[in-house]
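Below you'll find the structure, written out as structure tokens, and then a few comments.
The values are calculated or read from the model by the stated rules, or taken from the named source; none is laboratory data. Bear in mind that the values here come from a model prediction, so they are computed numbers and not experimental data. Cβ: placed from backbone, ideal geometry, glycine included. Neighbour counts: every protein chain shown.
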Amino acid sequence: MALDFSLTDEQKQLQQLARRFAREQVAPRAAEYDQNEQVPWELVEQLYEIGLLNISVPEEAGGLGLGLVEEVIIGEELGWADMGFYTIPMASELGITPILIAGTEEQKKRFLSPLTERPSLAAFALSEPGNGSDAAALRTRIVREGDEYVITGTKMWISNAKEADFNVVFATFDPSLRHKGVIAIVVENDREGVSFNKIHGKMGQRAAPTYEIVYDGVRVPVENRLGEEGEGFKIAMLTLDKTRIPVAAGSVGVARRALDESARYALEREAFGRPIADFQAIQFKLAEMKMGLETARMYTYYAAWLADRGDPEHISASAIAKAYASEVAFEAANQAIQIHGGYGYVNDFPVEKLLRDVKLNQIYEGTNEIQRIIIARSILKALR
């Protein structure tokens, strides 16, 4: 088997474009957006203008049709600059993915083509106030009335919800059926009965808009349903098996930023008459950060490669990549604060924000405890 760890020329160009945008446009404004809990819509518009927004929309629907490896390339660069900002395009891809998985060709063109015509977003509405990890215990109800469905319920922690053109909503027609009673359906935000409540006071990723959504008897045509009745839970899980990988990519970006900031500061900061980079205690921290960064990056690319090939091994690989990279990044940010000492604890330096931002990567797209369950099941399934 031939192995090739190099990027293609096109992928290298994509990386350079994303890196330049991240360094020149996103990073200088990240602290401001974080402090003000401000959605950086102008950056979303610029991301669209350079062709890096909603990159998975297929060519038939007017998009680029790029894969997860390309998402990882972009994700690392944007995560390096601001994990909060990166969550916006990442969550849009999350909303796009169920349509790619289960949508008809007509649905793909109807819902996804507008995302290529102007700066616009998609969103994914699965979590509810009373459940997160137990995704089969949905309470949002969906009832069919003729050629329409009527949706009533509340979704929680939904990224991009109000800013998006639509949310892919998961609701149950019979809670007693649990995962067998779930429907996936596209709900446009301009439908009567949809309302949003923005969540304030988040620990990190404050540039990323997060909402509670209330559906009060919202009527949606049956033609908006993805797949068949009862297939919604399967669609949601197939989606998350893919979209955990971009979360890992963002984590890799955070880990790289933590290492960059730490190494630079260690060379500038002096103690006992010499740079603290000369001390073995600091060198060990930098070495550990580098080891974690490189292994997390390698496995994230591997998971993306498997997913793009359609290899079912990507299910456990995405869980490993998401859990491992997010934990590596959290520890790297933690050590970056330690290296900066008291300066790391205030927002004069970016490392305290790295820690606040990347904590969420251990929670969304399924907590890291859920990832461990997925990984363990894959191990045991192979032996049964």
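To keep it simple, each residue is scored yes or no on (1) among the hydrophobic types (A, V, I, L, M, F, W, C); (2) surrounded by 14 or more Cβ atoms within 10 Å (Cβ to Cβ); (3) not in a loop (DSSP other than H, G, I, E, B).
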position: Ala136; (1), (2), (3): yes, yes, no
position: Arg144; (1), (2), (3): no, no, yes
position: Val150; (1), (2), (3): yes, yes, yes
position: Trp157; (1), (2), (3): yes, yes, yes
position: Phe170; (1), (2), (3): yes, yes, yes
position: Arg178; (1), (2), (3): no, yes, yes
position: Ala184; (1), (2), (3): yes, yes, yes
position: Arg206; (1), (2), (3): no, yes, no
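Right, Ile337: free of Cβ contacts under 8 Å to residues at least 24 places away in the same chain and either under 18 Å from Met90 (Cα atoms) or under 17 Å from the mean Cα position of the chain (by Cα) (or both) or not?
In short, no.
Checking Tyr345 against (1) of a type in the set (Phe, Trp, Tyr); (2) more than 27 Å from Gln35 (Cβ to Cβ); (3) without any contact (Cβ under 8 Å) to a residue 40 or more places away in the chain, which test does it fail?
(2)
Can you name every residue in the stretch 324-343 that is closer than 10 Å to Val358 by Cα and of a type in the set (S, T, N, Q)?
Across the stretch 324-343, the qualifying residue is only Ser326.
For the stretch 76-89, indicate whether the set of residues that are touching a strand residue (DSSP E or B) at 6+ places or on another chain (Cβ under 7 Å) and of a type outside the set (Phe, Trp, Tyr) is non-empty.
Checked the stretch 76-89: at least one residue is touching a strand residue (DSSP E or B) at 6+ places or on another chain (Cβ under 7 Å) and of a type outside the set (Phe, Trp, Tyr).
For the stretch 23-84, please list each of the helices (runs of 4 or more DSSP H) lying entirely inside it that holds at least 1 residues being more than 18 Å from the chain's Cα centre (by Cα).
Here the list reads 30-36, 41-49.
Sort out which residues of the stretch 1-58 are among the aromatic types (Phe, Trp, Tyr) and closer than 28 Å to Phe349 by Cβ, and write them in order of number.
Answer for the stretch 1-58, where residues must be among the aromatic types (Phe, Trp, Tyr) and closer than 28 Å to Phe349 by Cβ: Phe21, Tyr33, Trp41.
Pick out the one residue from Ala266, Ala249 that is small (Gly, Ala, Ser), in a helix (DSSP H, G or I) and within 19 Å of Ala81 (Cβ to Cβ).
On inspection, the qualifying residue turns out to be Ala249.
For the stretch 227-282, what are the residues that are within 23 Å of the chain's Cα centre (by Cα) and among the basic types (Lys, Arg)?
Lys234, Lys242, Arg244, Arg256, Arg257
Report whether or not Met289 is outside the structural domain of Glu71 (by TED's automatic domain parsing), in contact with a helix residue (DSSP H, G or I) (Cβ under 9 Å, 6 or more places away or on another chain) and in a helix (DSSP H, G or I).
Yes, satisfied.
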